[in-house]
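Peer 1: I'd like to ask some things about the structure below.
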Amino acid sequence: MTISNEEIMRVKGLGFLNNRGTEKFSARVLTENTCLTAEQLETIAEASRLYADGRVSLTSRMTVEVLAIPYENIEPFTAFLKDHGMQVGGTGDKVRPVTSCKGTVCKFGKIDTHSIAKEAHDRFYMGYRQVKLPHKFKIGVGGCPHNCIKPMLNDIGLVGSHKPIFHRSQCHGCKKCGCELICPVGAYTTGPDGKKRLNRNKCIQCGRCGAKCPFKALDGYEEGIRIFVGGTWGKFINIGKPIKGLYTRQEAMDLIEKTILLFKENGRTKERLGKMIERLGFKWFQQELLTGDVLARQDKIINM
C-alpha cells in the first residue's frame, strides 16, 4: 500500500504524524492541562497495545504520542479513544494544546496552573478548533517566575506573580536585610542613606521576600498574572515581551482571546505572532491589546 502525500497531510491535520520511512503514524493524544488520570493512562496503554506496537512517547508540550500506528488502524484507534472520553489532535495552523507546569501543587506556585490551563484548553483549543490562523499558536501557563515550562517561549505565556509592595520610608537600614539576603536576583541594594532600594526592572516578582521585613518596609505583595507575547522556540528563537501590568485570571483569559484575534486579523500566512509583532511594532500591539476594540470585531475576524 502506498499512501498519497495528500492523505498523509489530511491525517496530520487530525493529529497523526507519519513515521519517517514507513506507512505508520504517531498519534498525538491530548492531555488538556498536562494532567492525566490513572484511567486515562490505562486507556492510552491499551490503545497502544491494540492498534500500535505498544510504545508511548511524551512530547515537549506535555502531550502523549502513541507510536507506530498502521494507517488502517487510524480510524479504530480514534474511535477507541473517543469511547473513553479522549481525543487526538494538536497539529496545524491553529491553537495548539495548552501547556502548564505543576504550579497547582508546587510550593513555589502562585496560581492554579492546572485549572487555568484547562479553562484555556476549553475556551481556546476547543473553542477555536475550527479557526485557521496564520500559523500555529502556543499557550503556556507557568506558576511562578522560575519559568519551568518556559512560558516566555510561547506565543502567549502566563506567569503567576507576586509583586512586592515596598515602602522605602519604613526601611531601618538593617545590616542583615532579610529581603536582600533571600532575593535570588539581587533586586535589593543599599542606597547612600543606608536604606534599601528595590530595582523594579530587576525584580522578577517571585514573592520570596514578601514576609521578611519586621518593620513592614516590605508589606506583602500584589498578586496577579504577568503576560508575555511573541515567544518562539525552534529554528527561530524569540523571548516573549511582557505586557505592562498584572492581571486577574479572567483578564488574562480575555487577553489571550484578544491576542488570537489580532493574530488572525493582522498576521501573514506562515508568520508567527512574534514576527507579526516585530513587523507592526510592540507599542502598537500592546495598545491594541489593552485599549482596542478587537473583541467587538470577533465574529468578523473569525469568519475572515
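No value in this document is a laboratory result; all are computed from the given coordinates. Since we're looking at a predicted model, the values are computed, not measured. Positions of Cβ are backbone-derived with ideal geometry, glycine not excepted, and every protein chain shown enters the neighbour counts.
Peer 1: What residues have an amide H closer than 5 Å to that of VAL141, excluding those fewer than 5 places away on the same chain, when H is modeled at 1.01 Å from N in the peptide plane?
Peer 2: Under 5 Å from the amide H of VAL141 lie the amide H atoms of THR99, SER100, CYS101, LEU158, each far enough along the sequence or on another chain.
Peer 1: On to the next question. In sequence order, what are the phi-derived ³J(HN,Hα) couplings for the range 100-113 according to the Karplus relation 6.51 cos²θ - 1.76 cosθ + 1.60 with θ = phi - 60°, rounded to whole Hz, with x for glycine and proline?
Peer 2: These are the phi-based 3J(HN,Hα) values: 9, 8, 8, x, 4, 10, 6, 5, 8, x, 9, 9, 7, 4 Hz.
Peer 1: Run the numbers for CYS148 and GLU39: contour at 0.36 nm per residue of separation, minus the present Cα-Cα distance, in nm.
Peer 2: Net length gain for the segment: 36.6 nm.
Peer 1: Using the Cβ atoms and a cut-off under 15 Å, what net charge is assigned to the surroundings of SER169, where Lys and Arg are +1 and Asp and Glu are -1?
Peer 2: With Lys, Arg at +1 and Asp, Glu at -1, the net is +3.
Peer 1: Can you figure out the FRET efficiency of THR269 with LYS244, using R₀ = 30 Å and their beta-carbon distance, to the nearest 0.05?
Peer 2: FRET efficiency, THR269 to LYS244: 0.50.
Peer 1: Taking Cα extents along the principal axes in Å straight from the coordinates, which label in [x] 81, 42, 31; [y] 178, 43, 42; [z] 56, 49, 27 is the correct one?
Peer 2: Looking at Cα extents along the principal axes in Å for this model, the match is [x].
Peer 1: What is the gain in length, in nm to one decimal, between GLU223 and LEU50 on full extension, counting 0.36 nm per residue of separation less the C-alpha to C-alpha distance?
Peer 2: Here the answer is 57.5 nm.
Peer 1: Just to check I understand the Karplus step: with θ = phi - 60° and J = 6.51 cos²θ - 1.76 cosθ + 1.60, what whole-Hz values come out for the range 54-62, glycine and proline as x?
Peer 2: Ordered by residue, 3J(HN,Hα) equals x, 9, 9, 10, 9, 8, 5, 9, 6 Hz.
Peer 1: Where Lys and Arg each count +1 and Asp and Glu each count -1, what net charge lies around CYS101 among other residues with Cβ under 13 Å from its Cβ?
Peer 2: Net local charge, CYS101 excluded: +4.
Peer 1: Ok, one more. Could you state the angle between the C-alpha long axis of helix 282-291 and the longest principal axis of the C-alpha atoms of the chain, as a value from 0 to 90 degrees rounded to the nearest 10?
Peer 2: For 282-291 against the chain, the angle is about 90 degrees.
Peer 1: Output the 0 to 90 degree angle, nearest 10, between the alpha-carbon long axis of helix 38-51 and the longest principal axis computed from the alpha carbons of the chain.
Peer 2: 30 degrees
Peer 1: Sticking with this one: What nm value, rounded to one decimal, do you get for the distance between GLU23 and SER4 when each label is placed 7 Å out toward the C-beta?
Peer 2: 1.5 nm
Peer 1: Shifting gears a bit: Run the quick spin-label model on LYS202 and ARG168: label points 7 Å from Cα toward the beta carbon, then report their separation in nm to one decimal.
Peer 2: It works out to 1.3 nm between the two label points.
Peer 1: My understanding is that a pair violates if its Cα-Cα distance is over 23 Å; which of LYS150/LYS300; LYS12/LYS258; LYS12/LYS132; LYS138/LYS244; LYS163/LYS196; LYS241/LYS275 do that in this structure?
Peer 2: LYS150/LYS300; LYS12/LYS258
Peer 1: So, one more: Under a 5 Å amide H to amide H cut-off, with H placed in plane at 1.01 Å, what residues pair with ILE165 once short-range neighbours are removed?
Peer 2: ASP219, GLY220, TYR221, GLU222
Peer 1: Turning to a different aspect of this structure: For the range 7-58 and the range 118-150, write down the distance between their C-alpha centroids in whole Å.
Peer 2: 20 Å
Peer 1: Of ARG168, ARG226, ARG123, which has the largest mean-square fluctuation in a 10 Å C-alpha GNM of the chain?
Peer 2: Its mean-square fluctuation being the largest, the pick is ARG168.
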